[in-house]
Every structure is written in structure tokens, then in C-alpha cells.
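See below for the structure under consideration.
No lab work stands behind these numbers, since they all come straight from the coordinates. What you are looking at is a predicted structure, and each value in this text was computed from that prediction instead of being measured. Please note: Cβ atoms are built from the backbone with ideal geometry, for glycine as well, and neighbour counts cover all protein chains shown.
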Amino acid sequence: MASFPVLVLNSGSSSIKFCIYDAGDGQRDKLFEGAVDGIGTDLGKFWMKDRDGKKIVDETPSLPNRAVAFSLVSDALHSGKFPAPAAIGHRTVCGGPGISENQIITPELVDEIESYAALAPLHTPIAVYIMRQALKLFPGVPNFAVLDTYFHRTMSELVKAMPIPAEFVAMGVRRYGYHGISYESIIHQLQPDVPQKLIVAHLGNGASITAIRDGKCVDTSMGLTPTGGIISGTRTGDIDPGVVLFMLNKIAETGVSAKQAADKLETLVSKKSGLLGVSELSNDMRDLRDAIKDGNAKARLAVDKFVWTLQKWIGGFVAELGGLDMLVFTGGIGENDIASRAEICTGLEALGIKLDAAHNNVRGEATISAEDSLVTVRVIPPAEDLMIVNHVMRLLTEQPAPAKLEAQIA
Ligand code: AMP
């Protein structure tokens, strides 16, 4: 069987996740995975697991910056212990208005993605750094950008448009939507029986929810940036623009420059708000659940706000879809927080959603609706890495690939 190793690089604001799949002859065999986490701290983590889930690297390095973090990944990949990648897929949160298709990465494309870093400020700076490093460190290996916005390209103009002056629309200000690779992976896993009217809630540290008709995105909660939509770990979600202006004016009163004020505001709405801001405790659902057990009222309010926002979005999406066949929970909270799923679904009986408490008492993949629920409710973990590999393999067959590679690609 021909081997065709595809490296997947997925960077967050303080982490780099990576894995290699063998995608030769149509197989999708994950050979290993790893991550460097805690970039910007002295207490970083660097781990790798083999295909059986056995830890083969487990270190706690100091990670002062992304260069040190990526050098650990690169050194491991060049150590000779692992197959050299024949192609590389980069999770790319947003490419800006001109880049709506997944595609091969050129230096010019990286420059363009970087010029729209303001649309995904937590993700794009580290992603473009890694793209440039990968182009340099793996010469001759094709690199591909796989976009989180790609799945949402089917939203109508009505849904994409922002009610703002045209001059800003011309600058690319519109609703893009995020977590698209996760949503695509849910559709992929539901095939061939993709329900006609589907809502998927991706509830992780970043959280969003998407309405899907016949496998295509109709609407999603996140907008121009991943800060919009529902309240999540450290992000506000949608709020009255007057709140942002109020905060900006308060910051401006401290005499800082316009750029410093904008950066401070960005930090407030993206890193200090959401579950963390309301609870004044943590952005982590596990901490909040523990605190609720101890009677912490702010933690309770934060989680109630999260649940309430989701219920409102689900109700709106059911109206938009004209009904609902299936609701899917995914992401760290969606897969693991039994209480959040129960709280979100309680009160949605009028929409045909009814959970079975015993079926819901699980972590990981399951059908959790009651027998007599009109809507099927499921938990399905996302498979984002696999989706990225699938896109890379599709693009390689569509793009002129080097002849020696063509023979190996199924
Ligand atoms: P993600 O960004 O998808 O990794 O999800 C991170 C979120 O999932 C955090 O808020 C975690 O608290 C939450 N989470 C992970 N495991 C659990 C669990 N066992 N119970 C409740 N929440 C969890």
C-alpha cells in the first residue's frame, strides 16, 4: 500500500496542534498527533502520542514565544523518527473577503491572509507565522490553507450583509462565520443520512451554532469575527454596539493612543468577557460547574447566560429553517458537559426537542433524545483533522501536482 503522509497544523492563540495521517491509497490512518500548549509561559506542555494513543513525548518546556514553540514541532518532524510530510494542511480561520476557497499556499496568499488578521486576531498572526515557517522548512512540499469560513460560503447575501455604511462593506466587513471545519466534519459523519433541517452547536472554549439545510450552511452565530454570536469562554458574543463605544470612551479617558485603546478593547471583548467576565472566575466549564455546586451565584449566572443565549439562537434557527429534524452537540462542552445539554434542551419541548436523561448521561458520541422526541438530538465529536486531510487530498487531485505524487494519491 503506497504511503502518503499528510501533516495537519492547527494553531490557536497559545497552542500548536499537529498530526500526520497516512492518506495513501484512499486510507485515512492517523500515525501520530501532538501539541505544544502554553505559548508565552514558562509552564508549557509538549506532548506526542502514537497511533495507539501511547505518549511518546511528554515534556514541560519553557515556551516564551511561538518561534520556540514551533521549533519543537519542527525538530520532532525532522528527527527522522516520523515519515516526512508529502503535503501539509493548515487550519486557517479566516482569509478575508478575497479568499473563500481552500487553496494552495503561496507567499502572496500568506501576505493577503495576514492583511486581514484583524478578522481573527487570536488565530491569524500565529497561523501566518507557521505557514511561512512550513514553506521554508519543508521545501517542495505543497501547503494548503483550509478555511473555517469555507463551510459558510453558502449563506445568502441577506445573511452575510451587515447593516453598516457601504464604505465599510467595501473593506470586507460582513458576516463570515467560523468553526466551519468542525461543521463540515459533522456533515461528513452523518453521511449518507444528512437530515434536511439540522442545527449543530459547536460548544468549546469558543462557541458557535449553525443552521444547515440539505447539508449546506444557511446561517451561523459568529459574524465578522469569532467574537460575535453566542457568549463563549472569554468572548462577549453579540452585544449592543453601544457597550463597545462606552468601553472605548472609558479607555480613551485614560489618555492612551487610538491604537492602544483599540488593543485594550480587543482584549476586553475577546479575552476577558464571556463566561470568564460574568463569573469573574474561569472560562472553563468544569470550574464553573464545580463552583455552582459550591453555591457560586456568579458562576451560575455565567452558565445561565450561556444556556439562555443558545436557546434563543436555536429558536431563531428553527424559525429560519421552517422546522428541525436533528440537533447535534459537539466541541468540549457539547461532548462532555451533560448538564449544559440538559439545561439547553429544557424548555425547548415546544420545538419538538425532548432529551432522555439516561441517554444524555454520557460523554462522547450518542443519541440523547427521548424515543418520542420529534427532533433527534445527538452528540458527535468533531473530526477537524480528518476534514483538513480530505480537503488536502481533494485539492491535490484538482491542482497540478508533481508527477511522482500523482501516482501515490488515491
Ligand atoms: P474545546 O475548546 O472544544 O477543547 O472545549 C473546551 C471546553 O470544554 C472548556 O470549557 C472545558 O471546560 C469543556 N470541557 C472539557 N471537558 C469537560 C468535561 N468533562 N465536563 C465539562 N466541560 C468540559
Gyration tensor (alpha-carbon) shape descriptor, segment 89-235, a/c threshold 1.5:
oblate
Measuring from label point to label point, each 7 Å out along Cα→Cβ, what is the D58 to A339 span in nm?
3.0
Taking neighbour counts of Cβ atoms within 10 Å as a proxy for exposure, in what order, fewest first, do D193, D75, D287 appear?
D193, D75, D287
Pull up all non-local amide H partners of D219: gap of 5 or more, or a different chain, and H-to-H distance under 5 Å with H placed in the peptide plane.
A211
Each residue of segment 82-94 in order: what ³J(HN,Hα) in whole Hz does its phi give by Karplus 6.51 cos²θ - 1.76 cosθ + 1.60, θ = phi - 60°, with x for Gly and Pro?
10, x, 5, x, 8, 7, 10, x, 10, 5, 10, 5, 8
Which whole-number percent gives the relative contact order of segment 56-136, counting Cα pairs below 8 Å spaced six or more residues apart?
28
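If you count, for each residue, the other Cβ atoms within 10 Å and average over each peptide, how do 203-210, 355-362 line up from highest to lowest?
On the way: 203-210: 25.1, 355-362: 14.8.
My ranking of the peptides, most packed first, is 203-210, 355-362.
Please label the shape of segment 303-399 as rounded, prolate or oblate, based on the square roots a ≥ b ≥ c of the eigenvalues of the alpha-carbon gyration tensor (a/c under 1.5 means rounded; beyond that, a/b larger than b/c means prolate, else oblate). All intermediate terms of the calculation are to be shown ahead of the outcome.
Details: a/c = 2.09, a/b = 1.73, b/c = 1.21.
Here segment 303-399 falls in the prolate category.
Treat the chain as a sphere of radius equal to its Kirkwood radius over Cα pairs and apply Stokes-Einstein at 37 °C in a medium of 0.692 mPa s; give the translational diffusion coefficient in µm²/s, rounded to a whole number. Mind showing how you got there, number by number?
Numbers: Rh = 22.4 Å.
Result for D is 146 µm²/s.
For segment 244-321, rounded, prolate or oblate, judged on the Cα gyration tensor with a ≥ b ≥ c (square roots of eigenvalues), a/c < 1.5 rounded, else prolate if a/b > b/c? Present the calculation step by step, with values, prior to reporting the outcome.
Values: a/c = 3.19, a/b = 1.45, b/c = 2.21.
The shape class here is oblate.
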Report the gain in length on full extension from D356 to H188: 0.36 nm times residue separation, minus Cα-Cα distance, nm rounded to one decimal.
57.9 nm
Could you please report the charge total around V379, scoring K, R as +1 and D, E as -1 over all other residues with beta-carbon less than 9 angstrom from its beta-carbon?
+1
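Just need the relative contact order of the chain here, percent rounded to a whole number, with Cα pairs under 8 Å and 6+ apart. Provide the component values of the computation, followed by the final result.
Details: 802 pairs, mean separation 55.2, N = 410.
It rounds to 13 percent for the chain.
What is the calculated FRET efficiency for D372 to D42, with r their C-beta to C-beta distance and R₀ = 51 Å, to the nearest 0.05? If you can, show how the numbers build up before the last one.
Values: r = 55 Å, r/R0 = 1.07.
In this case the efficiency is close to 0.40.
For an R0 of 22 angstrom, estimate the FRET efficiency from the Cβ-Cβ distance between E349 and E320 and round to the nearest 0.05.
Working: r = 20 Å, r/R0 = 0.90.
The pair E349/E320 has a calculated efficiency of 0.65.
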Hey, quick one: spin label on L248, modelled 7 Å out along Cα-Cβ, who in segment 207-238 has an amide N within reach, i.e. under 19 Å?
223-229, 236-238
Give the percent of DSSP beta bridges with both residues in the chain that are antiparallel, rounded to the nearest 5.
70
Charge dipole of segment 68-160 built from unit charges on the beta carbon (Lys, Arg +1; Asp, Glu -1), centred at mean Cα; most positive-end Cα among Y129, L109, G96 is Y129
Taking the Cα centre as origin and putting +1 on Lys and Arg beta-carbons and -1 on Asp and Glu beta-carbons, what dipole magnitude results for the chain, to the nearest 20 debye?
480
For K293, go through the lysines and keep the ones whose alpha-carbon is under 19 Å away, minus same-chain ones fewer than eight residues off.
K305
Rounded to the nearest 20 Debye, what is the dipole magnitude of segment 171-307 about its Cα centre when Lys and Arg each give +1 and Asp and Glu each give -1 at the C-beta?
140
Which helices pass in the chain if a helix is a full DSSP H run, must span at least 20 angstrom along its long axis by Cα, and must have mean Kyte-Doolittle hydropathy not below 0.0?
297-321, 384-398
Sequence-distant aspartates and glutamates (8 or more away, or on other chains) whose Cα lies within less than 15 Å of K55:
E33
Once both labels are modelled 7 Å past Cα along the beta-carbon direction, what's the N65-D25 spacing in nm?
4.6
Which cross-chain or sequence-distant (5 or more) residues have an amide H under 5 Å from the amide H of V377, H modelled 1.01 Å from N in plane?
L327, I368, S369
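Relative contact order of segment 1-86, please, whole-number percent, based on alpha carbon pairs below 8 angstrom and at least 6 residues apart.
Numbers: 171 pairs, mean separation 20.0, N = 86.
Computed over segment 1-86, the figure is 23 percent.
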Report the Cα centroid-to-centroid distance between segment 1-67 and segment 138-152 in angstrom, as an integer.
17
With r as the distance between the Cβ atoms of E112 and V256 and R0 = 35 Å, compute the FRET efficiency 1/(1 + (r/R0)^6) and round to 0.05.
0.70
